[in-house]
Amino acid sequence: MAANDTFGWVASDGQALVDPSYEYFRKNRWIMDFAGLPAGINGADKKQALRLNCKTASRPERSFADTKVERINGSINLPGKPEFGDLTVVFYDNLSGLIEAGQDADTGTGYSVSDIMEQWSELIYQPTKGDAFGSAANFKAFARLHLLRPQNLEPTPREETPESDGLSVNDSIEQSWVYQGLYPKSIKYGELDYSSSDVLEVSVTFKYDRAFRIAPVSIDA
């Protein structure tokens, strides 16, 4: 086989160190989809508000607890129960949508991230209701994380007018993960500062029971 000098390294044709046709996952090609919000704060517009205002998130963190079996002159190690790290999502905090004439506040055209998170936390604990705690069945939810691949695009022929119809994001989903038993553990509504005009952010740390890969699934409209 011929040798290829690749950045000073010699590799055979069958063991190339660099392949220009490789595609890589990108840090900015993802969608966090809160598809299963608790029934108390359900609604497609609320799901969309969280989805559209995501800034940072991460794939699940999973490890196994240590289990040690002691013997006469030594020990052996076995994996114990799986343990999952917290999920921290940073959102841009948007203004809630305007209320149209004839609508009440519960059927407005939009919701702010801070409003949604406050409603979610009130399903867990309400100090104004005698320090009442809610049931897990009422506040636990699920969310999905989708990683996106590039599209195979083709140029528009010169004699045709480019079409304005966009490609579906569902055609780009390469990986999907699901977080089950999700709920907000802590909510930070962000610092205020007269000297800054930056967008306010809401940082939410979520606990969840388990997370795992699933077959790529479509995102609800």
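Need a quick list: strands (runs of 3 or more DSSP E) entirely within the stretch 166-217 having at least 3 residues that are open to solvent by less than 40 Å² (accessible area, probe 1.4 Å) and closer than 25 Å to ARG29 by Cβ.
Of the strands (runs of 3 or more DSSP E) lying wholly inside the stretch 166-217, those with at least 3 residues that are open to solvent by less than 40 Å² (accessible area, probe 1.4 Å) and closer than 25 Å to ARG29 by Cβ span 173-188, 201-207.
Is the stretch 139-149 home to any residue that is part of a loop (DSSP other than H, G, I, E, B) and loosely packed, with under 12 Cβ neighbours inside 10 Å?
no
Please specify each residue of the stretch 80-99 satisfying the condition of being among the aliphatic types (A, V, I, L, M), modelled with pLDDT of 95 or more and either open to solvent by 50 Å² or more (accessible area, probe 1.4 Å) or touching a helix residue (DSSP H, G or I) at 6+ places or on another chain (Cβ under 9 Å) (or both).
Once the filter is applied, which keeps residues that are among the aliphatic types (A, V, I, L, M), modelled with pLDDT of 95 or more and either open to solvent by 50 Å² or more (accessible area, probe 1.4 Å) or touching a helix residue (DSSP H, G or I) at 6+ places or on another chain (Cβ under 9 Å) (or both), the stretch 80-99 yields only VAL89.
For the stretch 62-93, which residues satisfy the criterion of being within 30 Å of TYR189 (Cβ to Cβ) and part of a strand (DSSP E or B)?
Matches in the stretch 62-93: ARG62, GLU83, PHE84, LEU87, THR88, VAL89, VAL90, PHE91, TYR92.
The values are calculated or read from the model by the stated rules, or taken from the named source; none is laboratory data. Remember, predicted model here, so these are calculated numbers, not experimental data. Positions of Cβ are backbone-derived with ideal geometry, glycine not excepted, and every protein chain shown enters the neighbour counts. Each accessible area value is taken on the protein alone, full model and side chains, heavy atoms only, with ligands, DNA and RNA left out. Shrake-Rupley method; radii C 1.70, N 1.55, O 1.52, S 1.80 Å.
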